[in-house]
1. Could you tell me whether Glu133 is of a type in the set (D, E, K, R) and at pLDDT below 95?
2. Could you list all residues from the range 116-125 that are surrounded by 13 or more Cβ atoms within 10 Å (Cβ to Cβ), among the aliphatic types (A, V, I, L, M) and under 17 Å from Glu77 (Cα atoms)?
3. If Ala25 meets every condition in (1) closer than 27 Å to Glu115 by Cβ; (2) surrounded by 10 or more Cβ atoms within 10 Å (Cβ to Cβ); (3) at pLDDT below 70 apart from one, which number is that one?
4. Regarding Gly138, is this residue within 25 Å of Glu66 (Cα to Cα) and either charged (D, E, K, R) or buried (at least 17 other Cβ atoms within 10 Å of the Cβ) (or both)?
5. Being of a type in the set (Asp, Glu) and either over 30 Å from Gly35 (Cα atoms) or surrounded by 18 or more Cβ atoms within 10 Å (Cβ to Cβ) (or both): is that true of Glu155 here?
6. Out of curiosity, is Pro165 more than 23 Å from Phe37 (Cα to Cα) and surrounded by fewer than 13 Cβ atoms within 10 Å (Cβ to Cβ)?
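The values are calculated or read from the model by the stated rules, or taken from the named source; none is laboratory data. It should be emphasised that the depicted structure is a prediction, and the values quoted were computed from it without experimental measurement. Note that each Cβ is placed from the backbone with ideal geometry, even for glycine, and that neighbours are counted across all protein chains shown.
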Amino acid sequence: MHGALTPYAFHANMSDVHAPTIVPAVRAFHETPEGDFRWDGVDVLAYKSTGTHFQDITRQVLFDGEAAPGVELRYFEVAAGGHSTFERHEHIHAVLILRGRGRALVGETIFDLGERDLVQVPPMHWHQFHAAEDAPLGFLCLVACERDRPQRPTEDDIAALRTHPVIGAFMRV
């Protein structure tokens, strides 16, 4: 006798399986002639809809909550010299650098980044990613589907952060 019905259990009669079905899919990866990273069938989106607090960055949602329950996997591409938003939030980020070089501020520390480096951004830590001036920075970012909205610094925060010996020189707002 088989145990509880799960999508992973063997069943002689597959009509007995009542678990939700996740259809396998492969989204082929390729590098464009311009050197950009792309996955088939994945739209290249604006990083954020409006603002001047980021520069030269795009977003691709590779898996959303349906394909990977509870989490969203995104790919961000920061062009050479570009940067992400300087922000913090309650949720964590798990980041894998896929290509290029750059630096990241997490909390009060700046890290040099290269391919296959891992970055964990803890809750409520100011953070920002910068691509090198001569190379893009492409990274996967795993987050919970249900998460809080990012918090950008207030004018008072910016004034105080500008006096910090590490953060002040790094942040771009």
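1. no
2. Val119
3. (2)
4. Answer is yes for this residue.
5. yes
6. Judged against the criteria, Pro165 is a match.
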